[in-house]
Amino acid sequence: MSSIPLPLAERLDAIVEQLEMSYDEAIAEAISTWVDREEERRLFALRTLASTNSMLVEGNRVKDWADSL
């Protein structure tokens, strides 16, 4: 496991002190927030791909219809 860069560690120290919480609590909360955000980004990307694929299928149907005229 790598160490936290000094500027970030100093910021963490200040927040932990102000909120009177443990480092473990602060780090667990930060990791949880990051994981939630990454899951949301992944879900958004998958939905975007599904939407794009749906539009491609619809576009092909329009082209097929136009070709049939």
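The values are calculated or read from the model by the stated rules, or taken from the named source; none is laboratory data. Model, not experiment: these values are computed from the prediction. All accessible areas refer to the heavy atoms of the entire protein, side chains included, with ligands and DNA or RNA removed. Shrake-Rupley method; radii C 1.70, N 1.55, O 1.52, S 1.80 Å.
Based on what the data block shows, is Leu46 at negative phi, modelled with pLDDT of 90 or more and either open to solvent by 70 Å² or more (accessible area, probe 1.4 Å) or part of a helix (DSSP H, G or I) (or both)? In short, no. Taken together, the criteria place Glu40 among residues that are of a type outside the set (Lys, Arg), open to solvent by 100 Å² or more (accessible area, probe 1.4 Å) and modelled with pLDDT under 95. Selection over the range 4-20 of residues that are open to solvent by less than 100 Å² (accessible area, probe 1.4 Å) and assigned to a loop (DSSP other than H, G, I, E, B) gives a count of 2.
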